[in-house]
1. Hey, what's the stretch 93-198 come to in accessible area per residue, 1.4 Å probe, Å²?
2. If packing is taken as the mean number of other Cβ atoms within 10 Å per residue, what is the order of 26-38, 134-146, highest first?
3. Please compute P(r) over all alpha-carbon pairs of the chain, binned at 5 Å starting from zero, and give each bin as a whole-number percent.
4. If we sort 101-113, 163-175 on the protection proxy, mean other Cβ atoms within 10 Å, highest first, what's the order?
5. List the relative contact order of the stretch 93-198 as a percent without decimals, with contacts defined as Cα pairs under 8 Å and 6+ residues apart.
6. Heavy atoms only, probe 1.4 Å: what % of the accessible area of the stretch 1-134 goes to carbon and sulfur, would you let me know?
7. List the cysteines of the chain that have no other Cys Cβ closer than 4.7 Å: which are they?
8. Answer with one residue from Ala20, Thr36, Cys142: the one whose Cα lies farthest towards the positive end of the charge dipole of the chain, charges on Cβ with Lys, Arg +1 and Asp, Glu -1.
Amino acid sequence: MKLYYSDGSPFARKVRIVLAEKGLAFESDVANGLRTPETIAAPTLAVPVLEDGALRLWESDLIVDYLLRTYPDAKPAVADRAQPPLSPWLARPDRHWQDMATLAAIATCAASIVNLRLMASDGITPANSDYLARQKARIERCLDWLEETVTDDGFAPGWFSIMDIAFICPMIFCETRAIMAWRGRPRLEALVARHQARPSLLATPLNTLPPLVSRYMVQRLPAAGTVSP
Ligand SMILES: N[C@@H](CCC(=O)N[C@@H](CS)C(=O)NCC(=O)O)C(=O)O
């Protein structure tokens, strides 16, 4: 397998954590900051992208779903029995739609967090852009909903779930990049704290450099306030 990623990407980190949790070996094609469109092997122009033989996949949740289904028995050489195991599914079979809705809320929240970060590089912030103010409001609303949804034992008690991982990665990104304050939500804070010493998290730190905004993106940005969906 080969994974294309940036080592600052919270979406790629989710995939890297799952690969580490399952002890799956892969070749890394890693870049710091945003890649130029010509160097991304996906129509989405975003990383992570996974190649497994002839198959090429993009979108982190899809990649994780593929890994869980394709390598169900993969385990790390040494498993720590004191820690909850990685969930074998994206969503609990008996709560499929609820968990998929949770994952969708987390993914939307994460995308808005990354948008705030990238646009700040151009001086566009919630203070001077109605569109970014709406994205910030979306993040707050998602976080409030997630705080109501999560339990004292994570999103799927007894498991280190993909929902847990998908939440932790962008919140660490949000904090280390000083994008916005998100704490003050005790259950979500406890979830992030609980897993920080897990080997798969320690093995996949985000880079300490802020991601770069490519000239391609800057040249094509319409003026603030005129963006259509
Ligand atoms: N929904 C995608 C988001 C991926 C994403 O936004 N990746 C960022 C890096 S954090 C990227 O490559 N952005 C390039 C761009 O937006 O042009 C996923 O879950 O994989």
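The values are calculated or read from the model by the stated rules, or taken from the named source; none is laboratory data. Just so we're clear, the structure is a prediction, and the values are computed from it rather than from any experiment. Note that we place each Cβ from the backbone using ideal geometry, even for glycine, and neighbour counts take in every protein chain shown. Only protein heavy atoms, including side chains, enter the accessible area calculation; ligands, DNA and RNA are left aside. Shrake-Rupley method; radii C 1.70, N 1.55, O 1.52, S 1.80 Å.
1. Working: 4820 Å² over 106 residues.
That works out to 46 Å² per residue.
2. 134-146, 26-38
3. 1, 6, 14, 18, 19, 18, 12, 7, 3, 1, 0
4. Numbers: 101-113: 20.0, 163-175: 23.5.
Result, highest mean Cβ count within 10 Å first: 163-175, 101-113.
5. Relative contact order of the stretch 93-198: 28 percent.
6. Numbers: 3740 of 6770 Å².
Using a 1.4 Å probe with all protein chains present, the stretch 1-134 comes out at 55 percent carbon and sulfur.
7. Singleton cysteines: Cys169, Cys174.
8. Thr36
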